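Heads up: the structure comes next, in structure tokens.
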Amino acid sequence: MPKLYNAKKLGKGLKIGLRELNGAEWFADMTLDADKRTCRKINVPFLPEDERNTLLAENKAKKLFEELLLERFNETNQKINVPSWQIKFFSLSLILLWITGMLWLTLDFMDLNSFGQTQVLILHGALIIPALVSLGVLIVSHIPEGWEPTKRRKSGYLLSFIMLFLVISGFVLFYEDSFMNELSYSHSLTGLFLVPLIFWHFKKKSTS
């Protein structure tokens with residue numbers, strides 16, 4: 001960020017001055033925290049010889065600084081912090097499950113049973129173990145912290161319901177044959193949309 005000319009420090013993280021050497025109005029340079037710094041126009045003409053003008057610029061800068069600090073505080077509290085290794089472990093497990101599931105669905109649709117469909121299904125079933133472990137770790141760290149903020153709550157409910165359905169239906173498919181076709185295609189169709197839904201959940205910015 002460019003430095004301020006004729007800068008005057010008003011306190012920790014706050015100073016006023018000119019953005020350009022021959023500028024005509026005051027700007028406020030504000031450091032809100034280690035990750036956020038901004039420079040804003042405060043709509044006061046630059047008249048340094050006029051004490052009232054300088055005082056007005058200082059007061060407006062301080063007021064704006066307080067408002068942005070409060071906004072930053074609320075924004076930080078709304079953010080749900082999950083360790084990156086948990087996200088990576090869960091994402092890798094889920095992607096491998098998704099790939100093997102889609103591969104099995106493709107082989108089944110093309111009626112290519114002799115091309116390792118059974119082996120793909122066994123691998124798909126084995127991958128549920130690391131996926132459930134990573135999901136459990138993520139639930140412990142994510143849901144309690146994410147319960148208070150209303151942001152993404154509806155998408156979180158939907159995602160939880162879908163994953164619960166996939167886990168239960170996946171286990172039932174291993175032990176029950178009476179309605180395997182219907183449940184299998186329901187399981188596969190739901191799983192097809194799981195990865196896009198997770199991406200939507202984490203990228204969703206609107207409050208729900």
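Which of the following residues is at pLDDT below 90 and surrounded by 15 or more Cβ atoms within 10 Å (Cβ to Cβ): L32, L47?
L32
Hey, among the residues in the range 177-193 that are part of a loop (DSSP other than H, G, I, E, B) and not hydroxyl-bearing (S, T, Y), which one's modelled with the highest pLDDT?
Selected residue: F193.
If you check L21, L64, L96, L32, which single one turns out to be assigned by TED's automatic domain parsing to the domain that holds L189, aliphatic (A, V, I, L, M) and touching a residue at least 12 places away in the same chain (Cβ under 8 Å)?
L96
Take E71 and decide whether it is at pLDDT below 90 and either among the charged types (D, E, K, R) or closer than 13 Å to F27 by Cα (or both).
In short, yes.
The values are calculated or read from the model by the stated rules, or taken from the named source; none is laboratory data. Owing to the predicted nature of the structure, the values given are computational and were not obtained by experimental measurement. A quick note on method: Cβ atoms are made from the backbone with ideal geometry, for glycine too, and the neighbour counts reach across all protein chains shown.
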